[in-house]
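One structure is given here, and the rest of the page talks about it.
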Amino acid sequence: MQHLITAATDMELSAVRRQLRGVAGVSFAVTGVGMLATACALSELLAQRRYDVVANVGIAGTFTPQLAPGQVALVERERVDGYGAESAEGSVRLFPSGEMVCPYAGDFAALQPCPKVAGLTVNLLTESPARVAARKRLYSADVETMEGAAFFFACLRRQAKFVQLRGVSNVVGVRDKSQWKTAEALENLGKVVQRLVT
């Protein structure tokens with residue numbers, strides 16, 4: 001089987017590369033940070049070659065205490081923050097087409113121990129308690145990333161079999177990286193991806 005493993009940054013891909021060193025049939029790609037970079041890079045990659053499985057990996061913030069920093073989650077639904085219409089009074093109507101579902105989340109036996117979660121993709125990471133609270137209220141998301149929805153969108157458009165795995169590094173809104181568990185999240189992520197591939 002041919003696997004493509006993508007991440008926004010080389011740092012996020014490094015732990016996975018270490019775990020998969022010497023494994024045949026695996027390609028890696030750093031797509032860049034954010035929705036625009038991810039959509040463009042992934043569209044180009046999927047136009048050039050057909051893969052059996054495409055995986056997006058990286059770190060994520062958590063909105064919920066049910067996901068502890070260091071844990072690895074399988075993202076089965078994605079939404080884009082701000083994709084909707086806001087009235088003059090401040091009420092928001094979300095566009096239904098803004099939610100995407102991964103039809104393959106249940107297809108990988110090696111990933112079933114991972115909690116299945118809903119993702120929210122944002123352009124702006126924030127420490128603002130008001131903005132974090134508004135996102136929780138609007139989206140009922142479990143994790144926050146800057147690339148997930150773009151990854152879903154590109155894979156769905158190209159009809160590629162895909163999965164998104166995220167190591168939880170921090171609580172959403174906490175930007176002090178001394179409180180993050182990035183190394184633990186990436187180490188656990190690498191182990192889960194190794195199970196997926198091997």
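The values are calculated or read from the model by the stated rules, or taken from the named source; none is laboratory data. Everything numeric in this text was worked out from a predicted model, so none of it was measured. Cβ: placed from backbone, ideal geometry, glycine included. Neighbour counts: every protein chain shown.
Some notes on this structure:
- Residue match in the range 31-53 (condition: touching a Leu at 6+ places or on another chain (Cβ under 9 Å), in a strand (DSSP E or B) and closer than 16 Å to Arg166 by Cβ): no
- Thr9 meets all of the listed conditions (1) buried (at least 16 other Cβ atoms within 10 Å of the Cβ); (2) among the β-branched types (Val, Ile, Thr); (3) under 20 Å from Leu186 (Cα atoms) but one, namely (1).
- Every residue from the range 69-91 that is in contact with a helix residue (DSSP H, G or I) (Cβ under 6 Å, 6 or more places away or on another chain) and surrounded by fewer than 20 Cβ atoms within 10 Å (Cβ to Cβ): Gly70, Tyr83
- Residue list for the range 126-152, restricted to those being at pLDDT below 95 and assigned to a loop (DSSP other than H, G, I, E, B): Thr126, Glu127, Ser128, Ser140
- Number of positions in the range 12-27 that are at pLDDT 95 or above and within 19 Å of Met146 (Cβ to Cβ): 2
- Scan of the range 153-174 for residues that are in a helix (DSSP H, G or I) and out of contact with any strand residue (DSSP E or B) (no Cβ under 6 Å at 6 or more places or on another chain), ordered by number: Phe153, Ala154, Leu156, Arg157, Arg158
- Taking the range 89-130 as the range and being over 19 Å from the mean Cα position of the chain (by Cα), touching a residue at least 12 places away in the same chain (Cβ under 8 Å) and under 26 Å from Asn170 (Cβ atoms) as the test, the residues that pass are Val92, Leu94, Glu127, Ser128, Pro129.
- Looking only at the range 175-190, residues that are loosely packed, with under 15 Cβ neighbours inside 10 Å and in a helix (DSSP H, G or I) come to 4 in all.
- Candidates Pro65, Pro69: the one that is part of a loop (DSSP other than H, G, I, E, B), free of Cβ contacts under 8 Å to residues at least 12 places away in the same chain and under 26 Å from Pro113 (Cα atoms) is Pro65.
- You will find that of Glu89, Glu44, the residue that is acidic (Asp, Glu) and at pLDDT 95 or above is Glu44 and no other.
- Looking across the range 159-179, just one residue is among the small types (Gly, Ala, Ser) and free of Cβ contacts under 8 Å to residues at least 60 places away in the same chain, and that is Ser178.
- When Ser27 is tested against the conditions (1) without any contact (Cβ under 8 Å) to a residue 60 or more places away in the chain; (2) touching a Gly at 6+ places or on another chain (Cβ under 8 Å), the lone failure is (2).
- For the range 106-160, a tally of residues being polar (S, T, N, Q) and surrounded by fewer than 14 Cβ atoms within 10 Å (Cβ to Cβ) returns 5.
- Single match in Ala24, Ala60, Ala47 (criterion: more than 15 Å from Leu156 (Cβ to Cβ), among the small types (Gly, Ala, Ser) and surrounded by fewer than 20 Cβ atoms within 10 Å (Cβ to Cβ)): Ala24
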